[in-house]
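Colleague: Mind looking over this structure? Questions follow.
The values are calculated or read from the model by the stated rules, or taken from the named source; none is laboratory data. Not measured: the values here are computed from a predicted model. Positions of Cβ are generated from backbone atoms using ideal geometry, with glycine treated the same way; all protein chains shown enter the neighbour counts. Side chains included, ligands, DNA and RNA excluded: accessible areas come from the protein's heavy atoms. Shrake-Rupley method; radii C 1.70, N 1.55, O 1.52, S 1.80 Å.
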Amino acid sequence: MNPAGKPGKTASLMPVEVALARLLEMAEASPIRERERLPVAQAQGRVLADDLVSTLDLPPWPNSAMDGYALRVADWTGEPLLVSQKIFAGQAPEPLKPGTCVRIFTGAPVPADADCVEMQENAEVQADERVRFLESMKPGQNIRPQGQETTVGELVLPAGTRLGPIEQGLAASLGCAELDVVRKVRVAVLSTGDELVEPGQALGPGQIYNSNRVLLCSWLQRLGCEVIDAGILPDDLVTTRARLGELKDVDLILSTGGVSVGEADFLGMALREEGELALWKLAIKPGKPLTFGHFRGVPVIGLPGNPASTLVTFALLARPYLLRRQGVKEVEPLKFQVPAGFVWPKPGNRREYLRGRLENGRAIIYKNQSSGVLRSAAWADGLVEVLEDRTLIEGEYVVFIPLSEVLG
């Protein structure tokens, strides 16, 4: 450390994987334990607090997989069979009469003693109402067995599952009207910098509109967080310290700007003076000056102020941290490899996340990758990962992370 308490210029940068692992460790050390009970239809995006265990077999009884005729294969000798009953979904059948078949519809319970359903396309109704079957049949054909999907006592969804429409529907299929979910993470969002002005106000000399506040507040709401808008902080250490001290009843303070090396690094100064700085300076581009620490015991993530830097670091580091605080196990986005549709001739010493999209099966990148250009992300549909010390020619494979994987 130099006398000012800042790492020197030659300090090594922390690899992205190490930073993520440390963030997740710290998230696991302070999990959100409180819960609330919600109607299953209102649990979209929330995290399951307890294991969802089946209390019934699903389906509760053998049922028909299609419209057709139920019969006992041993009763069929090749001659037409008399239809002894008709069963619709939602009806309770009578046992199958020996030597007959049953008209049955998709989802209807298969009568006792029947062991096969033949689709109606392979059957002909004769003039005397008997049914002639056109193909050979076997036991179990076109019957969904009892408990095919779940059985009593089976784990269906583990605690920590994020609930989406599919999971909500699955819970409803088991008769769940309500679910216990982890309470929302309370996140205070701060923007820092004398240059920032909220949209709708007049710009002064040297000022810009604050896009990060809207970006992060909207994103956090999509993640199911409770957002506290703490406004814009001026470039002043005393004000920064006082404002941070007011944010006591939150789970995380999330700021943008004020985390770079220099005289305006007021967030870092406040953390060093009245808390701790757990990680700082990452081998990532854009986004090197991300900060994580605590202020009077409250976790603080300081994101870089440039919009593209804010987006990349929140997507890859802050988002997983927030999900793990709620107990989610799988927090990293889906990634897959695609051929590069561009040339990358100059290797860098940081891992780069380029705003790009897929065209004709290849990843192409936006023409301007400046960390201040948010338009690059609006044009893109994913992040293209270029590893440290790597050059690329067209056709070489790169990792692609869809934005749809990190935005919700």
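Colleague: Rounded to a whole number, what % of the accessible area of the range 63-144 do carbon and sulfur atoms account for, probe 1.4 Å? Please report the intermediate quantities before stating the final value.
Modeller: Values: 2090 of 4310 Å².
Carbon and sulfur atoms account for 48 percent of the accessible area of the range 63-144.
Colleague: Right, here's the next one. Compute the signed sum of charges (Lys and Arg +1, Asp and Glu -1) over the other residues within less than 13 Å, Cβ to Cβ, of D251. Write down the numbers at each step before the final one.
Modeller: Values: positive: R33, R183, K184, R186, K248, R324, R325; negative: E34, E226, D249.
Net local charge, D251 excluded: +4.
Colleague: Turning to a different aspect of this structure: Let me check something: with ligands and nucleic acids excluded, how do Y397, Y321 order by accessible area (1.4 Å probe), largest to smallest? Kindly include the intermediate steps, with their values, before the conclusion.
Modeller: Working: Y397 125, Y321 0 Å².
Order by accessible area, largest first: Y397, Y321.
Colleague: Same structure again: Sorted from largest down, give the three principal axis spans of the alpha carbons of the range 63-144, whole angstrom values.
Modeller: Sorted from largest, the Cα extents of the range 63-144 read 29, 23, 22 Å.
Colleague: Also: Once the whole set of protein chains is in place, how much accessible area is left on T313, using a 1.4 Å probe, in Å² to the nearest 10?
Modeller: Ignoring ligands and nucleic acids, T313 comes out at about 0 Å².
Colleague: Counting helices only, and only those DSSP H runs with n ≥ 4, report the 222 nm mean residue ellipticity of the chain as the sum of -39,500 (n - 2.57) divided by its residues, in deg cm²/dmol to the nearest 500.
Modeller: Values: 8 runs with 73 residues, N = 408.
Using -39500 (n - 2.57) per qualifying helix, the result is -5000 deg cm²/dmol.
Colleague: Who wins for biggest fluctuation among Q126, Q337, Q369 in a Gaussian network model of the chain, springs between alpha carbons below 10 Å?
Modeller: Of the options given, Q126 has the highest mean-square fluctuation.
Colleague: Take W219, W379, W344 and sort them by solvent-accessible surface of the protein heavy atoms, 1.4 Å probe, largest at the top. Walk me through the intermediate numbers first.
Modeller: Details: W219 10, W379 65, W344 40 Å².
Putting W219, W379, W344 in descending order of accessible area: W379, W344, W219.
Colleague: Right, something else. Quick one: dipole size for the range 336-405, taken about the Cα centre, charges +1 on Lys/Arg Cβ and -1 on Asp/Glu Cβ, in debye to the nearest 20. All intermediate terms of the calculation are to be shown ahead of the outcome.
Modeller: Details: 9 positive and 9 negative charges, 54 e Å.
For this selection, approximately 260 debye.
Colleague: Oh, and also: Tally Lys and Arg at +1 and Asp and Glu at -1 over the other residues with C-beta under 13 Å from the C-beta of V373: what net charge comes out? Show your work: numbers first, answer last.
Modeller: On the way: positive: R355, K367, R375; negative: none.
Taking every other residue near V373 into account, the sum is +3.
Colleague: Just to be sure I understand: with springs between alpha-carbon atoms less than 10 Å apart, which residue in C217, C116, C225 has the highest mean-square fluctuation in the Gaussian network model of the chain?
Modeller: Largest GNM mean-square fluctuation: C116.
Colleague: Let me ask another. Could you tell me the accessible area of R132 in Å² (1.4 Å probe, neighbours in place), rounded to the nearest ten?
Modeller: Solvent-accessible area, nearest 10 Å²: 90 Å².
Colleague: Lysines near K367 by alpha-carbon distance under 18 Å, same-chain residues fewer than 8 away left out - which ones?
Modeller: K285, K346
Colleague: Would you list which aspartates and glutamates come within 12 Å of K97, measuring only between C-alpha atoms, while excluding same-chain residues fewer than 8 positions from it?
Modeller: D75, D113
Colleague: Under 10 Å, Cα contacts only: if you run a Gaussian network model on the chain, which one of S309, S211, S136 comes out with the highest mean-square fluctuation?
Modeller: S136
Colleague: Let me ask another. Shape verdict for the chain, please, from the Cα gyration tensor: rounded (a/c under 1.5), prolate (a/b greater than b/c) or oblate.
Modeller: Prolate, since a/c reaches 1.5 and a/b exceeds b/c.
Colleague: Take the Cα atoms of the range 336-405, find their three principal axes, and give me the spread along each one in whole Å, biggest first.
Modeller: Its Cα atoms span 27, 27, 20 Å along the three principal axes.
Colleague: Would you kindly find the accessible area of F336, with a 1.4 Å probe and non-protein molecules such as ligands, DNA and RNA excluded, rounding to the nearest 10 Å²?
Modeller: Surface open to solvent at F336 totals about 70 Å².
Colleague: While we're here: Computed from the mean reciprocal separation of all distinct C-alpha pairs, what Kirkwood hydrodynamic radius does the range 202-287 have, in Å? Don't skip to the end; give the middle numbers.
Modeller: Working: mean 1/r = 0.0678 Å⁻¹.
Averaging 1/r across every pair of different Cα atoms and inverting gives 14.8 Å.
Colleague: Can I ask one more? What number comes out for accessible area per residue over the chain if the probe is 1.4 Å? Units Å², please.
Modeller: Details: 19460 Å² over 408 residues.
Here the residues of the chain average 48 Å² of exposed surface.
Colleague: What nm value, rounded to one decimal, do you get for the distance between T77 and E178 when each label is placed 7 Å out toward the C-beta?
Modeller: Here the answer is 6.1 nm between the modelled labels.
Colleague: Hey, which lysines would be in cross-link range of K281, C-alpha to C-alpha under 18 Å, not counting anything within fewer than 8 residues on its own chain?
Modeller: Excluding near neighbours in sequence, the set is K6, K9.
Colleague: Expressed as an acute angle from 0 to 90° and rounded to the nearest 10, what is the orientation of the C-alpha long axis of helix 211-222 relative to the principal long axis of the chain?
Modeller: The answer is roughly 30 degrees.
Colleague: On to the next question. Along the Cα-to-Cβ line of E332, 7 Å from the Cα, sits a label point; which residues in the range 19-57 have backbone N less than 15 Å from it?
Modeller: The answer is 19-25.
Colleague: Which order do you get for W280, W61 if you rank them by accessible area with a 1.4 Å probe, largest at the top?
Modeller: Descending accessible area places them as W61, W280.
Colleague: Now a separate question. Which ³J(HN,Hα) values in Hz, rounded to whole numbers, follow from the phi angles of the range 89-100 under the Karplus curve 6.51 cos²θ - 1.76 cosθ + 1.60, where θ = phi - 60° and Gly and Pro get x?
Modeller: Here the 3J(HN,Hα) series is 4, x, 9, 8, x, 7, x, 5, 6, x, x, 10 Hz.
Colleague: Now, a different point. Using only Cα atoms, tell me the angle between helix 237-246 and the longest principal axis of the chain; keep it within 0 to 90° and round to the nearest 10.
Modeller: 30 degrees
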